[in-house]
Each structure stands twice: as structure tokens, then as C-alpha cells.
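Take a look at the structure set out below.
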Amino acid sequence: MAIIKITGNTDRIGKALSNLENLGRNPAGFLAAIGDEMIQHTQHRIEQGVTPTGEPFHPLDPFYAVRKKGPGILRESQALFSRLTTRLDGNTLIWGSNLPYAAVHQFGAVIKGRTIPARPYLGFNNEDRQVAIDTLETFFRRCLGG
């Protein structure tokens, strides 16, 4: 049987473990950082005109396209693009938009007999997942004093 004995001051290890425990009990700072990243990724997808899966947005109705003012699909008034929000519900991060027409863009709708196709802009893809992991690793490093 091998025995390893460690001597010296273990305060730094104890502090790091305490910091990790606190992060697990109160992840609000971490979740807020992820929320900021998700809004940036969502805005980037809107700018690129693609869904979270990378598919192009359904094109505009030709009749509407000739009257349309402003840049790109989903950026007509900049409101949907610029008013994406995040909030925490306990240990859950929620992001999206509470604008009345946001769900129409996400899911599609029939309004006054006219079909508005879905143009999903909210989602969580592999790139988003990697950003969340990278952000968590940054928080871990901070907890460990790195």
C-alpha cells in the first residue's frame, strides 16, 4: 500500500473549491454572460439571414419585398434585432423577444388570409454550445484563481 502525505498550506485549494461551490449554487453571473453571448449569436444569424441550423431565411413575398424599407429580413425596424432580451428564472436562462410579432417570425402564421412563413431566428446550435462551454471554462479558471 502506498501512502502519500501532503503537508503545507491548503488554503488556496480550499478557496478554489469554495468558489466552485458558490458558482454551482449561484450561477447568475455565468448565466448572464451566456445570455449576452446568445443575443450576439442570434443577432449575427439575423444579419446573415440564416436560422440556427444554418438554413437561409425563407425569402420575402415579392409584393412585400418591393415595398420593404430597411435592411434584411427580420431587420425591418431594427426592433426585433435590437430588442432581444435575456432574463433568469431561477437557474434557467431565457432569451428571446417579447415583441408581439416575434413569435410570428419564429413560428410563422396566417394573418388576414396571408401566410407568413416561419423564419426561426432563436435556437441553440453547436456553436452556441461551444461558446457556453468556453464561458464556463473561463468562470472555472476564475474560481481556481487562474
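Bear in mind that the values in this text are calculations on the coordinates, not laboratory data. Owing to the predicted nature of the structure, the values given are computational and were not obtained by experimental measurement. Note: ideal-geometry Cβ built from the backbone for every residue, glycine included; neighbour counts use all protein chains shown.
Miscellaneous remarks
- Put in order of Cβ neighbour count within 10 Å, fewest first, the listed residues Asp36, Asp89, Asp128 become Asp89, Asp36, Asp128.
- Annotation: extensible slack from Arg87 through Val110 equals 5.3 nm (criterion: 0.36 nm per residue apart, minus Cα-Cα distance).
- Whole-angstrom gap from the range 81-107 to the range 1-50, using each part's C-alpha centre: 24 Å
- Rounded FRET efficiency, nearest 0.05, which uses the C-beta distance separating Asn26 from Ile133 and R0 of 30 Å: 0.95
- Put in line by how crowded their Cβ is, counting other Cβ atoms within 10 Å and starting with the fewest, Met1, Met38 read Met1, Met38.
- DSSP-assigned coil residues among trypsin sites (Lys or Arg not before Pro) in the range 76-139, each with at most 16 further Cβ atoms within 10 Å: Arg83, Lys112
- Residue order, fewest to most surrounding Cβ atoms within 10 angstrom, among Phe140, Phe107, Phe81: Phe107, Phe140, Phe81
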